[in-house]
Protein chains: 2
Amino acid sequence: MSEPKYGLVAVGNALVDVLTLAGEDFIAAQEKSHGMKRGAMSLIEEARATELYAAMGPGVEVSGGSAGNTMAGFASFGGKGAYIGKVADDQLGAVFRHDMQAQGVDFVTPPLAGGPATGRCLILVTPDGQRTMNTYLGAATELGPQDINPDVVASARITYLEGYLYDKDQAKSAFKYAAEIAHDAGHKVALTLSDPFCVGRHRDDFHYLVENHVDILFANEEEIKALYQTASFDDAIAKVSGHCEVAVVTRGSKGALVIAAGRQIAVRAEPVDRVVDTTGAGDQYAAGFLYGYVSALPLEICGRLGALAAREVIGHMGPRPETKYADLLKVMPGLKLTPAA
Amino acid sequence: MSEPKYGLVAVGNALVDVLTLAGEDFIAAQEKSHGMKRGAMSLIEEARATELYAAMGPGVEVSGGSAGNTMAGFASFGGKGAYIGKVADDQLGAVFRHDMQAQGVDFVTPPLAGGPATGRCLILVTPDGQRTMNTYLGAATELGPQDINPDVVASARITYLEGYLYDKDQAKSAFKYAAEIAHDAGHKVALTLSDPFCVGRHRDDFHYLVENHVDILFANEEEIKALYQTASFDDAIAKVSGHCEVAVVTRGSKGALVIAAGRQIAVRAEPVDRVVDTTGAGDQYAAGFLYGYVSALPLEICGRLGALAAREVIGHMGPRPETKYADLLKVMPGLKLTPAA
């Protein structure tokens with residue numbers, strides 16, 4: 001088998017983030033009036049997006065989307081990757097495409113013509129740095145199996161799928177199709193559970209996926225508990241350990257737990273001066289971990305790279321690197337990297 | 001005379017900023033190949049904007065435009081203001097409009113239909129926090145006298161004009177028309193010189209304006225020296241002092257000098273932990289000063305408010321407030337504000 005062209009290919013909802021600072025009062029009022037979920041992601045329709053945008057403060061626009069963020073982080077470490085996701089043929093779509101390509105990621109999906117606008121995630125960042133997300137999927141919902149490029153997926157060591165895709169049927173099909181191609185080519189499939197509410201909406205599907213299609217699972221504490229419908233973290237960890245090759249469970253400031261081959265490896269969080277905006281923290285944790293993984297580094301080091309990347313992204317507004325993650329490798333003297341595709 | 005509705009109305013180039021981090025090598029190469037001017041603003045055409053954007057790293061989009069930034073800062077202090085500037089009827093134009101209105105500023109200019117796209121300023125931020133700006137004016141060039149709303153201008157204590165407007169004939173006419181309305185209504189006209197190269201291109205016009213139409217002048221050290229074609233700062237200060245009621249000259253980390261009624265008031269810069277991005281520093285200095293001025297505060301305090309606002313904006317990427325400037329007033333106990341329109 002020839003060397004894979006890509007270390008990582010990601011499939012996700014292509015979204016532009018619109019970030020604004022918001023007070024707790026604003027969130028509380030929106031929770032009451034519109035079912036916004038503090039700290040989580042809510043799907044919204046176009047009319048509601050227009051209404052919420054009008055009520056929001058001044059914003060910063062930056063390319064986002066969970067798997068897109070992970071891909072940007074992976075490339076910032078020096079990894080070679082590709083991205084599959086759907087934007088429209090409009091200004092924000094051009095911004096998303098530029099940012100992917102400028103980060104060194106091959107964005108292989110053509111834009112949608114004549115449909116909804118590029119999707120947007122309206123993100124309210126509270127004074128504690130927590131983000132509350134409201135997603136209008138727009139053109140991203142049009143992603144389907146026809147957008148999965150078999151050559152690209154077959155030539156990646158890992159195909160990384162975003163749990164958020166699991167809200168639309170076309171995207172679910174794309175998701176399964178990509179997983180099949182990856183496995184047929186002898187490569188790995190990774191999944192992030194994305195959001196506890198998303199897990200709650202599609203629990204049976206996620207169980208099936210984790211047990212049958214997923215080699216590397218990413219989740220945070222709430223998501224893994226939601227998957228196994230338990231209030232006990234230990235219980236959830238015990239349940240996941242037999243179901244996939246590697247499970248990576250992040251716990252915010254408590255660090256992360258990597259579960260693999262019967263072992264549990266605790267990884268500490270990196271100390272942070274000030275949490276500005278947690279948007280993208282989980283995405284960048286995955287980026288660091290996966291970069292280490294495709295570089296054949298020990299799982300402890302993979303976890304540490306994830307923690308370093310997460311620390312960088314929560315120190316500023318926005319979900320993608322503002323520094324070069326390859327520089328984070330320098331803090332680990334003696335680290336020997338095998339070349340990552 | 002009834003109480004003016006607005007404290008400040010600003011007329012400027014309505015632009016969306018696209019900010020990216022850039023190394024010194026990149027700037028040096030672009031200076032050599034395309035005449036980019038490190039630390040200054042260069043006007044570019046659409047084809048060059050497309051080419052430069054493709055060569056740039058991943059970006060952050062945020063509403064900008066010098067006078068627009070000042071207006072956002074003025075509103076963040078709690079001032080009531082309006083903005084006149086031209087965007088297109090496109091996604092970035094909608095972003096600009098949203099951000100103005102969400103900041104509490106009345107954006108009174110209708111969008112341009114069927115012309116060029118909303119203007120963009122491609123900003124390369126070097127590791128020292130300095131910004132190098134490359135502006136494709138787009139729809140902003142279509143601003144003309146027909147966009148000056150006489151009622152709005154006549155109802156503002158101060159009409160603030162951006163020197164950058166002085167590169168296009170239509171905008172120059174708009175500029176002079178606005179100044180006439182303001183003076184006819186018995187109000188003040190403020191001008192920022194904006195950029196030493198812009199001053200160099202239109203020195204005679206600027207001299208005429210400063211001597212005949214401008215009550216309050218803003219400039220930095222380079223701009224005031226460019227205006228009077230002198231290498232001596234003291235010489236430039238001596239020359240400006242007789243030509244307008246108030247001159248405010250900023251000097252970066254050396255603070256600012258306010259010249260009024262034969263007095264020179266030195267204002268120290270506020271200490272800064274780390275300069276992240278100087279984009280908007282001068283604009284926010286003007287915002288703080290003008291908020292103090294319309295609130296009838298002593299010139300020393302006006303200068304200090306400018307310095308506090310400038311400190312906030314250079315601590316993060318982007319040219320507009322990420323905190324509420326009204327909170328900066330709290331660091332000055334005993335401050336008595338008369339209500340600012």
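Each of B:VAL258, B:ALA75, B:TYR228 was placed along the dipole of chain B (beta-carbon charges, centred on the mean Cα), and the one lying farthest toward the positive end is B:VAL258. Reported value for segment A:54-103: 101 Å³ per residue, from the convex hull of its C-alpha atoms.
Of B:LEU92, B:LEU161, B:LEU328, the residue with the greatest mean-square motion in the GNM of chain B, using alpha carbon springs below 10 Å, is B:LEU328. Here the contact order of chain B, divided by its residue count and restricted to Cα pairs under 8 Å and six or more residues apart, works out to 19 percent. For the protein assembly as shown, taking Cα atoms only, Rg and Dmax work out to 26.5, 85 Å respectively.
In this structure, the residue pairs whose Cα-Cα separation is over 22 Å, taken from A:LYS37/B:LYS324; A:LYS172/A:LYS324; A:LYS5/A:LYS188; B:LYS5/B:LYS188; A:LYS86/A:LYS176, are A:LYS37/B:LYS324; A:LYS172/A:LYS324. By its C-alpha gyration tensor, with a ≥ b ≥ c as the square roots of the eigenvalues, how is segment B:109-239 shaped: rounded for a/c under 1.5, else prolate for a/b larger than b/c, else oblate? Oblate is the answer for segment B:109-239, as a/c is 1.5 or above yet b/c matches or exceeds a/b. Once you reduce segment A:136-160 and segment A:3-74 to the center of their Cα atoms, the two points are 20 Å from each other.
Fully extending the segment from A:GLU24 to A:ALA231, taken as 0.36 nm per residue of separation minus the present Cα-Cα distance, adds 71.9 nm.
An ellipsoid equivalent to chain A, defined through the eigenvalues of its Cα gyration tensor, has semi-axes of 27, 23, 21 Å when rounded to whole angstrom and sorted largest first.
What's the local net charge at B:ILE224, with K and R +1, D and E -1, over the other residues with C-beta under 13 Å away? Here the count lands on -2.
The ellipsoid that matches the Cα gyration tensor of segment B:260-341 has semi-axes, each √(5λ) in whole angstrom, of 21, 15, 11, with the longest given first.
In the assembly of identical copies, B:GLY35 has its label point, taken 7 Å from Cα in the direction of the beta carbon, separated from the corresponding points by 5.8 nm (ascending, one decimal). Once the Cβ-Cβ distance of A:ASN212 and B:LEU335 is raised to the sixth power relative to R0 = 56 Å, the FRET efficiency obtained is 0.25. Legend: mean number of C-beta atoms from other chains within 10 angstrom of residue C-beta atoms, peptide A:50-60, equals 5. Could you please report the charge total around A:GLY255, scoring K, R as +1 and D, E as -1 over all other residues with beta-carbon less than 15 angstrom from its beta-carbon? Result for the local shell: +2. If you take all other residues with their beta carbon under 12 Å from the beta carbon of A:LEU21, and give Lys and Arg +1 and Asp and Glu -1, the sum is -1.
With contributions of -39500 (n - 2.57) from each DSSP H run of at least four residues, the per-residue ellipticity at 222 nm computed over chain A stands at -11000 deg cm²/dmol.
For segment A:300-318, the residues whose backbone nitrogen is under 20 Å from a point 7 Å from the Cα of A:VAL272, taken along Cα to Cβ, are A:302-318.
A simple charge model with +1 on the Cβ of Lys and Arg, -1 on the Cβ of Asp and Glu and nothing else charged puts the dipole of segment A:170-256 at about 160 debye relative to its Cα centre. From largest to smallest, the equivalent ellipsoid semi-axes obtained for segment B:146-189 from the alpha-carbon gyration tensor read 18, 10, 8 Å. Each other copy places its own label point for A:ASP273 at 0.4 nm from this one, sorted shortest first, where the point lies 7 Å along the Cα-to-beta carbon line. For the options A:ASP147, A:ASP106, A:ASP273, a Gaussian network treatment of chain A with springs between C-alpha atoms closer than 10 Å singles out A:ASP273 as fluctuating the most.
The GNM of chain B, with springs linking C-alpha atoms under 10 angstrom apart, assigns the highest mean-square fluctuation among B:ALA231, B:ALA266, B:ALA67 to B:ALA231. Averaged over the residues of B:318-327, the number of partner chain Cβ atoms lying within 10 Å of the residue Cβ comes to 2.
Sorted from nearest, the other copies put their B:ARG48 label points 4.7 nm away, the label point being 7 Å from Cα in the direction of Cβ. For the residues of B:90-98, the average number of beta carbons from a partner chain within 10 Å of their own beta carbon is 4.
Convex hull volume of the Cα atoms of segment B:175-260, normalised per residue: 88 Å³.
A simple spin-label model places the labels of B:ASP327 and A:GLN101 4.0 nm from each other, with each point 7 Å out along Cα-to-Cβ. Taking label positions 7 Å along the Cα-Cβ direction at both A:ASP151 and B:GLU45, the computed distance is 3.7 nm, reported to one decimal. Each Cα pair of segment B:1-125 feeds into the Kirkwood radius, which the Stokes-Einstein equation turns, at 25 °C and 0.890 mPa s, into a diffusion coefficient of 156 µm²/s. Spin-label model, A:GLU180/A:PHE197: points 7 Å from Cα along the beta carbon direction are separated by 3.2 nm.
Where a number appears in this text, it was derived from the coordinates with a stated rule and is not lab data. Note that this is a predicted model, so its numbers are computed, not measured. Note: ideal-geometry Cβ built from the backbone for every residue, glycine included; neighbour counts use all protein chains shown.
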